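The structure appears below as structure tokens.
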Amino acid sequence: MHKIHLAHEMQGHSDFVTAVAMTPRGSRAISASSDTTLKIWDLEKHTELCTLRGHTGSVRGAALTRRGHYAVSVSSDKTLRGWDLGDSGNDGVEVHTLRGHTDAVSGVAIFEPEDFYSGPPRQAVSASFDGTIRLWDLKEGAEPCVIGKHNGGIYRVVITEDRQYLLSAPSDKELKVWGLRSLFMGPLNLTGHKHTDDITAIAVDRVKPSKTVVTGSIDGTVSVWNLPNTLRYTFEGVGRVLGVATGYGKSVVVASGDEISVWDLESHSKEASFKNGDRFYDCAVTQDERTIIAGGEDGIVYVLHYE
């Protein structure tokens, strides 16, 4: 029988935790909050490394590089901000403020070089409630390029580990996959999905080449896909889903209502759950799918162990 154990509660935010992310092996994490700040956490010591200040509105999303030395955040203030965290994670220096979206920015993903020890990332992708997906030059800070559009707001955007595909979680319920090496050909639609309301969450596995995509909706369903666009299975009755995460693609972690749950992708069953009485807004999981972090309306970042 699998269980989810509470390992630690990391406190410091004064409002909702809206998004979380962490390095593949779980050494460092980032949390975004409605209090307009982000925090960098040492997950081995369960301590705060630094607080990132600069946004003037609720921070809606954040992405962290695999080494945990650089982050990009997005906000209701319509900006992206790039942060150099240094090797220690204690620095937290803002290096970019990027403008171009005309509404709240809610999702972000980082393009990392193949050799991620070679320096800071050069590009990032953002998703906004202005209905656009934009590609940004993090090195030069040049004018962004619109690489995708939806007929409504977009909650999240992800890039596969092999940098082959970009996927978005939109309010128009039209799941799309962009081939990053052939953007001019336009997106593929993910066929056969059963989502009937806003698609609020999306995640891809952390393997190369990426094979598994997971999407979640406030209609109470979580769908699992084989790339590029084939539906594998849909979990129903999950609850109002706001966050999903996967590592090797063997299981999926779901944030819905006041519950963090783990679902096995082979047996199609719910394996374990954790409840705290307050709504969760996002979750992340390590590559081995054993350490989970989650955040929500009580402002706490929860560190959980799945066994």
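The values are calculated or read from the model by the stated rules, or taken from the named source; none is laboratory data. Small disclaimer: the values here were computed from a predicted structure and weren't measured. Neighbour counts are summed over all protein chains in view; Cβ atoms, including those assigned to glycine, are modelled from backbone coordinates with ideal geometry.
Checking the condition of a type outside the set (Lys, Arg) and closer than 18 Å to Ala29 by Cβ, which residue from Leu64, Leu167 passes?
On the way: Leu167 fails: closer than 18 Å to Ala29 by Cβ.
Every option except Leu64 fails the conditions.
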Legend entry - the stretch 191-235, subset under 19 Å from Ile133 (Cα atoms) and touching a Phe, Trp or Tyr at 6+ places or on another chain (Cβ under 6 Å), residue modelled with the lowest pLDDT: Val213
Inset, instruction - Name, by its number, the condition in (1) in contact with a Cys (Cβ under 8 Å, 6 or more places away or on another chain); (2) buried (at least 17 other Cβ atoms within 10 Å of the Cβ) that does not hold for Arg28. - result: (1)
Inset, instruction - Kindly check whether there is at least one residue in the stretch 83-91 that is out of contact with any Cys (no Cβ under 8 Å at 6 or more places or on another chain), of a type in the set (Ser, Thr, Tyr) and modelled with pLDDT under 95. - result: yes
Inset, instruction - Scan the stretch 101-114 for residues that are farther than 13 Å from Arg81 by Cβ, part of a loop (DSSP other than H, G, I, E, B) and modelled with pLDDT of 95 or more and jot them down. - result: Thr102, Asp103, Ala104
Inset, instruction - Determine if the stretch 153-168 includes at least one residue that is surrounded by fewer than 24 Cβ atoms within 10 Å (Cβ to Cβ), modelled with pLDDT of 90 or more and assigned to a loop (DSSP other than H, G, I, E, B). - result: yes
Legend entry - Residue check for Gly61: touching a residue at least 60 places away in the same chain (Cβ under 8 Å), small (Gly, Ala, Ser) and within 21 Å of Phe111 (Cβ to Cβ): yes
Inset, instruction - Under 7 Å between Cβ atoms, at least 6 apart or on separate chains: pull out the pairs that start in the stretch 157-175 with a residue that is free of Cβ contacts under 8 Å to residues at least 60 places away in the same chain and closer than 16 Å to Thr221 by Cβ and end on any residue that is part of a loop (DSSP other than H, G, I, E, B) and among the hydrophobic types (A, V, I, L, M, F, W, C). - result: Leu175/Leu190
Inset, instruction - Residues being buried (at least 24 other Cβ atoms within 10 Å of the Cβ) and either within 19 Å of Glu297 (Cα to Cα) or not aliphatic (A, V, I, L, M) (or both): count how many of those fall in the stretch 41-67. - result: 6
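Do we have Ser267 as surrounded by fewer than 19 Cβ atoms within 10 Å (Cβ to Cβ) and among the polar types (S, T, N, Q) here? Can you show your working first?
On the way: surrounded by fewer than 19 Cβ atoms within 10 Å (Cβ to Cβ): yes; among the polar types (S, T, N, Q): yes.
Yes; evaluated as a whole, the condition is true for this residue.
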Legend entry - Of all residues making up the stretch 87-113, the number that are surrounded by fewer than 20 Cβ atoms within 10 Å (Cβ to Cβ) and under 19 Å from Glu143 (Cα atoms): 10
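Just to be sure, is Gly249 within 14 Å of Lys270 (Cα to Cα), of a type outside the set (Asp, Glu) and surrounded by fewer than 24 Cβ atoms within 10 Å (Cβ to Cβ)?
Values: within 14 Å of Lys270 (Cα to Cα): no; of a type outside the set (Asp, Glu): yes; surrounded by fewer than 24 Cβ atoms within 10 Å (Cβ to Cβ): yes.
Judged against the criteria, Gly249 is not a match.
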Inset, instruction - Working only within the stretch 279-289, note down all residues that are under 21 Å from Trp41 (Cα atoms) and either without any contact (Cβ under 8 Å) to a residue 40 or more places away in the chain or buried (at least 18 other Cβ atoms within 10 Å of the Cβ) (or both). - result: Phe280, Tyr281, Asp282, Cys283, Ala284, Val285, Thr286, Gln287, Glu289
Inset, instruction - Could you check how many residues of the stretch 77-86 are part of a loop (DSSP other than H, G, I, E, B), small (Gly, Ala, Ser) and crowded, with 20+ Cβ neighbours inside 10 Å? - result: 0
Legend entry - Total residues in the stretch 284-307, condition outside any loop (DSSP other than H, G, I, E, B) and either of a type in the set (Gly, Ala, Ser) or under 17 Å from Lys3 (Cα atoms) (or both): 13
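Do we have any residue at all in the stretch 221-237 that's among the basic types (Lys, Arg), touching a residue at least 40 places away in the same chain (Cβ under 8 Å) and farther than 17 Å from Lys3 by Cα?
Residues of the stretch 221-237 among the basic types (Lys, Arg): 232.
If we keep only those that are touching a residue at least 40 places away in the same chain (Cβ under 8 Å) as well, we get none.
Within the stretch 221-237 (the criterion being among the basic types (Lys, Arg), touching a residue at least 40 places away in the same chain (Cβ under 8 Å) and farther than 17 Å from Lys3 by Cα), the answer is no, since none of the residues qualifies.
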Inset, instruction - Mind counting the residues in the stretch 263-278 that are free of Cβ contacts under 8 Å to residues at least 24 places away in the same chain and assigned to a loop (DSSP other than H, G, I, E, B)? - result: 4
